[in-house]
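Asks: Below is the structure I would like to discuss, written out as structure tokens.
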Amino acid sequence: MARMPRRSPFAGRHARAGVSFLAAAVILAATSVSVDLALLTFPSEQWRAIVAAASQAMEFAGVWVALPVGTALLLTAGEPAAWRRALAVAAAVATPIVVQLSGAARSPFLILLALAAAVIGYALIVFGVAEHRRDPSPPGRVPVAVAVLATANLLVIALGALHLLLWNPLARVPALDMGQIYLVLGAGPGGVDATPAVWAFGAAFVTIAAAVAALVGAARGLVNTHLVVTCGLLLLHATSFFLWGAGIGLGEQLASTFGGPIGDASPVASLLALVGAACLAGAILMQLLPAAPAVDDEADAAEQDWGGEEDGPSASGDGHGVPVAPASVTP
């Protein structure tokens with residue numbers, strides 16, 4: 001079996017790598033736009049500046065890093081001629097400039113485009129996980145990855161719960177303490193919205209169940225480190241993504257009871273949204289890592305080491321390279 005020469009990290013996979021980087025670029029830029037829309041509801045100027053800086057850093061990563069890299073890789077797919085390589089370089093330089101100057105990088109339309117990019121990204125992740133399903137995992141690597149990622153997701157859940165139930169209500173109604181706020185909300189029709197608590201307990205249950213399943217699967221040889229890290233990053237993204245929906249009901253209650261906009265007054269949800277988008281982009285791009293060689297490739301390498309002879313060293317008769325005369329046969 002002839003092997004494709006690997007002249008670059010993405011040799012033979014420029015099209016797929018290009019689409020991966022472009023999907024990541026849209027996801028990062030769109031998340032930056034959505035976070036910037038929430039800045040207006042933050043009462044604290046200091047937190048507004050911190051979140052704005054983090055959002056600008058994500059926009060830079062999407063527009064000025066992932067976008068040109070994806071453009072160059074996509075335009076050099078296959079076996080490009082010299083003119084195509086020159087075009088790829090020119091497009092990689094021009095695309096982020098045009099996107100920034102035209103205002104496309106700040107357009108709310110990117111939020112809708114990010115949904116399509118996420119679907120493409122998940123499809124790329126499925127292909128990547130399938131390619132890496134036979135990757136070996138060093139002993140003890142999977143439990144460490146599970147512990148780190150599960151702890152990180154539980155931390156995100158804890159921060160999200162504190163944001164929804166404590167920090168955001170206090171920031172929205174600074175004149176009252178926590179007990180007074182919930183006393184007023186509980187006196188209203190329907191009581192206090194329980195969606196944040198359902199989100200927190202549900203996300204914690206999924207995290208623990210996924211960790212146990214990963215450990216059991218690793219013990220049986222069904223789960224490797226690549227799969228654990230990929231799923232862990234996706235779980236972090238999902239947890240931060242559904243945090244926004246979990247706070248809508250309580251936010252509407254606070255707005256209708258105490259006045260003001262429905263949006264968050266605490267910056268925690270916006271910061272976690274940036275973290276979640278980075279995790280999704282990371283899960284997409286890590287599928288571009290080279291997979292472990294298949295069994296056929298290892299057999300080809302061994303055959304090439306013996307000079308391509310099918311019989312190998314046993315062709316000499318005794319396995320030591322000493323010719324042995326064939327036994328005579330008497331009729």
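The values are calculated or read from the model by the stated rules, or taken from the named source; none is laboratory data. From a predicted model like this one, the values you see are computed outputs, not experimental measurements. Heads up, the Cβs are rebuilt from the backbone with ideal geometry, glycines too, and the neighbour counts pull from every protein chain shown.
Asks: Identify, please: which residue in segment 33-50 is of a type outside the set (D, E, K, R) and without any contact (Cβ under 8 Å) to a residue 40 or more places away in the chain and is, among those, surrounded by the most Cβ atoms within 10 Å (Cβ to Cβ)?
Replies: My answer is Ala49.
Asks: Same structure, new question: Can you go through Phe205, Phe242 and tell me which one is within 18 Å of the chain's Cα centre (by Cα) and aromatic (Phe, Trp, Tyr)?
Replies: Every option except Phe242 fails the conditions.
Asks: If you don't mind, another one. Which condition number does Val63 fail, the rest of (1) at pLDDT below 95; (2) assigned by TED's automatic domain parsing to the domain that holds Ile111 being met?
Replies: (1)
Asks: Can you find a residue in segment 190-200 that is outside any loop (DSSP other than H, G, I, E, B), in contact with a Gly (Cβ under 9 Å, 6 or more places away or on another chain) and of a type in the set (Phe, Trp, Tyr)?
Replies: Yes, segment 190-200 has at least one match.
Asks: On the basis of being under 20 Å from Gly121 (Cα atoms) and either outside any helix (DSSP H, G or I) or not small (Gly, Ala, Ser) (or both), does Val69 make the cut?
Replies: Here the answer is yes, as Val69 does meet what is asked.
Asks: Working only within segment 110-160, note down all residues that are outside any helix (DSSP H, G or I) and polar (S, T, N, Q).
Replies: Selection gives Ser137 alone.
Asks: Where in segment 212-288 are the helices (runs of 4 or more DSSP H), entirely inside, with at least 1 residues that are buried (at least 21 other Cβ atoms within 10 Å of the Cβ), at pLDDT 95 or above and at negative phi?
Replies: By residue number, 225-246, 268-285.
Asks: Please give the number of the condition Ile27 fails out of (1) over 30 Å from Pro169 (Cα atoms); (2) modelled with pLDDT of 95 or more.
Replies: With respect to (1) over 30 Å from Pro169 (Cα atoms); (2) modelled with pLDDT of 95 or more, Ile27 is out only on (1).
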